[in-house]
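Undergrad: After the C-alpha cells below, expect a handful of questions from me.
Every read-out reported here was derived from the displayed coordinates using simple, explicitly stated rules and does not represent laboratory data. All of these numbers come straight from a predicted model, not from anything done at the bench. FYI the Cβ positions are ideal-geometry reconstructions off the backbone, even for glycines, and counts take in every protein chain you see.
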Amino acid sequence: MICQAMPRRIFYLYIVMIYTSKQSGTAVILAGGKARRFGGKQKPLVHLKGLTLLEHQLQALEKLFDDILLITNHPDSYRSFGGFKTHHDIMVDKGPLGGIHSAMHHAGSSHVFTVAGDMPFLQKTAISKLMQLSQQHPRHAVIPYAKQGPEPLFAVYPVAVKEQLEYWLRTKNDLSVKSFLNQIPVHYWQTDVSTPFININTPEELQYYETFPLQRD
C-alpha cells in the first residue's frame, strides 16, 4: 500500500510546487482607469472587507512574484504602500493598452502578468496556470476564456510584442485590447473558473461583494 501511495504523493507535491512557487515573470497592476461609475475615485484604493482592493491583490501577487509594477498616472496616491514599483503611462490616454505598453517597457522579465486594479479576488492557482501556459507558448499572449468570454485584463503578455503594440497605439484609433489581440499570436485557456475575473465597477457592487468569500488559492 505504501509503495502504491508514493507516486500519488509525489505527484501531489509536484502540483503544489508548480502552483505555489515564485514565478519568473513580472506582475502588473493596471490602475489607470478613470472610474467614472465610481465617481472618479482610484478604485484600487477603495476598501473591501477592511482592505483596499490593492492590498487584496498584493496578498496574492507577493506570494508569486518578486517583480511587481503598478501602472498609474496618480503615483502620489500610492506612496504609503510598499512591495511594488510605480510607473506612469508612456503613451498617455491609450487606455489599458497604454498601461500594458508601459508595463512591457519597465518589466524585468520576458512576460508580464497583467491584472486590472479593480479585480480583488485573485487566485494563485489561476495565475500560476497562466504563467505555466506562457512557458509552453512563449510567443503567445495567454488569455483565460471563461463562460463570459475572454479576460484580456487577467492575462499574460510576451514583452516581445512591445514594438508591435507601440506601432498599433501610434497608428490606430482602436484602443480595444481585443482588437489588438487579433494582431498577435494568442493561446486561450478554456476554464470554468470565474471568481478571479470579478471586477468592481460601482459602489453597489462593492457593497454586494462585502459578503463574498475570499479564496486566495
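Undergrad: Percent antiparallel among DSSP beta bridges with both residues in the stretch 122-204, to the nearest 5? Each step should come with its number before you reach the end.
TA: Details: 3 of 8 bridges.
That works out to approximately 40 percent antiparallel.
Undergrad: If you don't mind, there's one more thing I want to ask. Can you tell me how the stretch 111-217 classifies by the Cα gyration tensor, rounded, prolate or oblate, using a/c under 1.5 as the rounded cut?
TA: Working: a/c = 2.41, a/b = 1.48, b/c = 1.63.
Oblate shape, in that a/c is at least 1.5 and b/c is the bigger or equal ratio.
Undergrad: Would you please put 51-64, 191-204, 109-122 in order of how densely packed they are, using the mean number of other Cβ atoms within 10 angstrom per residue and starting with the highest?
TA: Peptide ranking by packing, descending: 109-122, 51-64, 191-204.
Undergrad: Looking at the chain as a GNM with Cα springs under 10 Å, which of GLN148, GLN135, GLN23 has the largest mean-square fluctuation?
TA: GLN148
Undergrad: Using a Cα-Cα cut-off of under 30 Å, which lysines could be cross-linked to LYS178, ignoring same-chain neighbours fewer than 8 residues away?
TA: LYS22, LYS34, LYS41, LYS43, LYS63, LYS85, LYS94, LYS124, LYS129, LYS147, LYS162
Undergrad: Of all DSSP beta bridges located in the chain, what percent are antiparallel, nearest 5?
TA: 35 percent
Undergrad: Is the chain rounded, prolate or oblate when judged by the Cα gyration tensor, a ≥ b ≥ c being the square roots of its eigenvalues, rounded requiring a/c under 1.5 and prolate requiring a/b larger than b/c? Can you show the working numbers first?
TA: Values: a/c = 1.75, a/b = 1.27, b/c = 1.38.
In terms of gyration-tensor shape, oblate.
Undergrad: As an exercise, use a Förster radius of 35 Å and the Cβ-Cβ distance of GLN136 and TYR208 to find the FRET efficiency, rounded to the nearest 0.05.
TA: 0.40
Undergrad: How many angstrom lie between the Cα centre of the stretch 196-217 and the Cα centre of the stretch 47-67?
TA: Here the answer is 14 Å between Cα centres.
Undergrad: Calculate for the chain the 222 nm mean residue ellipticity that helices alone would give, adding -39,500 (n - 2.57) per DSSP H run of length 4 or more and normalising by residue count, nearest 500 deg cm²/dmol.
TA: Numbers: 7 runs with 74 residues, N = 217.
One gets -10000 deg cm²/dmol as the mean residue ellipticity at 222 nm.
Undergrad: Would you list LYS49, LYS129 from fewest to most Cβ contacts within 10 Å?
TA: With the sparsest Cβ surroundings first, the list reads LYS49, LYS129.
Undergrad: Give the aspartates and glutamates whose C-alpha is closer than 20 Å to that of LYS172, dropping any in the same chain fewer than 8 places away, or say none.
TA: Hits, sequence-local ones excluded: ASP89, ASP93, GLU163.
Undergrad: To continue, here is another question. Would you please classify the overall shape of the stretch 71-169 from the alpha carbon gyration tensor, given that a ≥ b ≥ c denote the square roots of the eigenvalues, rounded means a/c under 1.5, and beyond that prolate means a/b larger than b/c while oblate covers the rest?
TA: oblate
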